[in-house]
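Take a look at the structure below.
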Amino acid sequence: QESALMDLFAKVEVSRILAAGGVLTDRMKDILPKLAGFKGDLPSPLRLRVGEMIVEVKGRGSDLHTSSDARLVVDLGGDDTYSGRAGAGIGYSSLLIDLGGDDQVKGRDLSLGAGLLGVGIACFIGGDDRFATGSLSLGSGLAGMGVFMKSGGNDVYSSKTLSQGFGLAGFGLMSDDAGSDSYDGQLFVQGAARHEGLGWLVDQEGRDVYRAGGLIPAAPLVPNGTYSFSQGFGMGYREDSGGIAGGVGLLTDHAGEDWYLGGVYSQAASYWLAVGSIYDAGGNDVY
């Protein structure tokens, strides 16, 4: 199965997908100040087709986002709830921008900054947000590019697997620039990567808590433990004939008194020709 997966990845021009993702990221950074400076509102939500794209724009009220087919979603603010699929590129590019409010995200796989053979970018500005997602979310790139960015607020992130900065034959980035945040995940989260992947979680400041594990028992290696493969972890594919080299998993925290709680294989660890790293620049931390 692993060799078949590698054969499929070899047919994907990931470099072109990543280049497209770089262009989209630059354009988003150019337009964000203009959107943030817009003081108006919409009398009612907009949903329209532009070429082959579905575009949704909602105002400053408490909106419900349930659709799964919009390639561009812009929310001008308010305490919103997301239960659909937004900011996920599945063979295409997709962008979500939310400009404020205390938002609630209710779980779904492949959403909020996930790229599967494509580019998915999600950006949330301000507010104390709560994210409860499934797998492949919050900055996850699987033969593609996934970027999740959060600015401001004390946030709670809960994911299952392959999330919070994960890359496999692609690039996954999760970034939070302020606030005291909580990160929870089960497997391959919080800066984790596999073959030809880069997974990176970056937190700029705040008293943060990182937790990973709980899904798969680690017995008999550790009788009462669980695997996590997280928090700055890279892993290849082991075979008696040599196997396949792994990826680069990075967790970077710039400031604050933080807690790192992980299971078996975590916290600057690597397995089978891979790289795992935690870089914490300041604070009295607990591992």
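The values are calculated or read from the model by the stated rules, or taken from the named source; none is laboratory data. Everything quoted here is computed from the prediction, not taken from an experiment. Here the Cβ positions follow ideal geometry from the backbone for every residue, glycine too, while neighbour counts run over all protein chains shown. Quick note on the areas: whole protein, heavy atoms, side chains included, nothing else; ligands and nucleic acids left out. Shrake-Rupley method; radii C 1.70, N 1.55, O 1.52, S 1.80 Å.
Would you call residue 55 open to solvent by less than 60 Å² (accessible area, probe 1.4 Å) and in a strand (DSSP E or B)?
Considered against the rule, which asks whether it is open to solvent by less than 60 Å² (accessible area, probe 1.4 Å) and in a strand (DSSP E or B), residue 55 comes out as yes.
Search region 33-51 for residues being of a type in the set (D, E, K, R) and assigned to a loop (DSSP other than H, G, I, E, B), and hand back the single one that is surrounded by the fewest Cβ atoms within 10 Å (Cβ to Cβ).
The selected residue is 39.
Quick check on region 76-85. Is at least one of its residues of a type outside the set (Val, Ile, Thr), in contact (Cβ under 8 Å) with a residue 24 or more places away in the chain, part of a strand (DSSP E or B) and open to solvent by less than 30 Å² (accessible area, probe 1.4 Å)?
Yes, because at least one residue in region 76-85 is of a type outside the set (Val, Ile, Thr), in contact (Cβ under 8 Å) with a residue 24 or more places away in the chain, part of a strand (DSSP E or B) and open to solvent by less than 30 Å² (accessible area, probe 1.4 Å).
When you go through 131, 148, 124, 171 one by one, which is the residue that is in contact (Cβ under 8 Å) with a residue 12 or more places away in the chain and under 25 Å from residue 273 (Cα atoms)?
Answer to the selection: 171.
Please find, within region 227-249, the residue that is farthest from residue 179 (Cα to Cα) out of those that are open to solvent by 40 Å² or more (accessible area, probe 1.4 Å) and at pLDDT 95 or above.
227
Give the number of residues within region 97-117 that are surrounded by fewer than 24 Cβ atoms within 10 Å (Cβ to Cβ) and in a loop (DSSP other than H, G, I, E, B).
Of the residues in region 97-117, 10 are surrounded by fewer than 24 Cβ atoms within 10 Å (Cβ to Cβ) and in a loop (DSSP other than H, G, I, E, B).
Looking for something under 26 Å from residue 101 (Cβ atoms), within 26 Å of the chain's Cα centre (by Cα) and touching a residue at least 40 places away in the same chain (Cβ under 8 Å) - is there at least one such residue anywhere in region 49-57?
Scanning region 49-57, I find no residue that is under 26 Å from residue 101 (Cβ atoms), within 26 Å of the chain's Cα centre (by Cα) and touching a residue at least 40 places away in the same chain (Cβ under 8 Å), so the answer is no.
Would you point out the residue of region 9-21, among those that are without any contact (Cβ under 8 Å) to a residue 60 or more places away in the chain and outside any loop (DSSP other than H, G, I, E, B), that is surrounded by the most Cβ atoms within 10 Å (Cβ to Cβ)?
19
Give me a count of the residues in region 133-151 that are open to solvent by 10 Å² or more (accessible area, probe 1.4 Å) and not in a strand (DSSP E or B).
3
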